[in-house]
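No value in this document is a laboratory result; all are computed from the given coordinates. Every value quoted in this text rests on a predicted model; they were computed, and no experiment measured them. FYI the Cβ positions are ideal-geometry reconstructions off the backbone, even for glycines, and counts take in every protein chain you see.
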Amino acid sequence: MNKKRILLADDHKFITDSLKSILEPSYEVVGIVEDGHRLVREATRLLPDVIIVDISMPKLNGLEAVRQIKQEGVGSKVIFLTMHPDITYATKALEAGALGYVIKHSAHSELMRAVDQVLLGKRFITEKIANELENAPHTRRDPIRKLTARQREVLQLLSEGKSAKEVAKTLFISARTVEFHKYRIMEELGISSSAELVQYSIKHGIITI
């Protein structure tokens, strides 16, 4: 019987090494990536059965990467494995298309169960988070969803401290286009300075400090 194939996405090698040891030999780890752009490329190339991804990753965060993967029509089941024990992030993960949400300190006890459940098409959420989600009032739509996928990419890269020229090089667009996107992002989010842009990105989990 062929093993189900898993793609890991986390920018900390000690984490991915640990995850690989947990998952094998029950599953086949077909790839490990360290940033969101590589995750999108490898997910569309490898078409794994399951993707296990962190929220906070360089260049393109896990939430945005998963949105793009789903838009490409990739049918992989997604589990977010994260340090964020917060229903705000869990809600965003589920909206992005994930079936699983596991806190990293619970990985040894919960990850295998999470993989088994999502492969059956069932949702698995760390118990504490699941209880909070069930009891949480309806929340307003995340303002960042008003932005286009390209604008969200530009937002993350600028918030990571990259210049317009560096962002342009990364995304294969012109610096002028980057500046235009920055203007529209600030207009949409009601932000008036680059410092506020960074603060917004930290608050909403686009980048971490």
Of all the C-alpha pairs in segment 5-135, what % are more than 26 Å from each other? 10 percent
Among 145-155, 98-108, what's the highest-first ranking by average C-beta atoms within 10 angstrom per residue? 98-108, 145-155
Filter the cross-link list Lys92/Lys146; Lys20/Lys77; Lys59/Lys182 down to pairs whose alpha-carbon distance in this structure exceeds 23 Å. none
Report the relative contact order of segment 143-203, percent, no decimals, based on alpha-carbon pairs under 8 angstrom and at least 6 residues apart. 38 percent
Considering only His181, Leu7, Ile55, whose Cα is most displaced toward the positive end of the charge dipole of the chain, charges sitting on Cβ of Lys, Arg (+1) and Asp, Glu (-1)? His181
Please compare each pair in Lys4/Lys203; Lys13/Lys203; Lys128/Lys165 to a cut-off of 32 Å on the Cα-Cα distance and tell me which ones are over it. Lys4/Lys203; Lys128/Lys165
Taking all pairs of distinct alpha-carbon atoms in segment 59-209, Kirkwood radius in angstrom: 16.7 Å
Would you mind putting 111-122, 52-63, 15-26 in packing order, based on average other-beta-carbon counts within 10 Å, highest first? 52-63, 111-122, 15-26
Evaluate the charge dipole of the chain about its Cα centre and quote only its size in Debye, nearest 20, assuming +1 on the Cβ of each Lys and Arg and -1 on the Cβ of each Asp and Glu. 540 debye
Residue (of His37, Leu23, Met112) at the positive-pole extreme of segment 5-135, dipole from beta-carbon charges: His37
Mean Cβ neighbour count within 10 Å, used as a protection proxy, ranking 170-181, 187-198 highest first: 170-181, 187-198
No solvent, one uniform scatterer per C-alpha: report log10 I(q)/I(0) for segment 143-203 via the Debye equation at q = 0.13, 0.14, 0.20, 0.27 1/Å, two decimals. -0.27, -0.32, -0.66, -1.22
Distance between segment 145-209 and segment 38-61 - C-alpha centres, whole angstrom: 21 Å
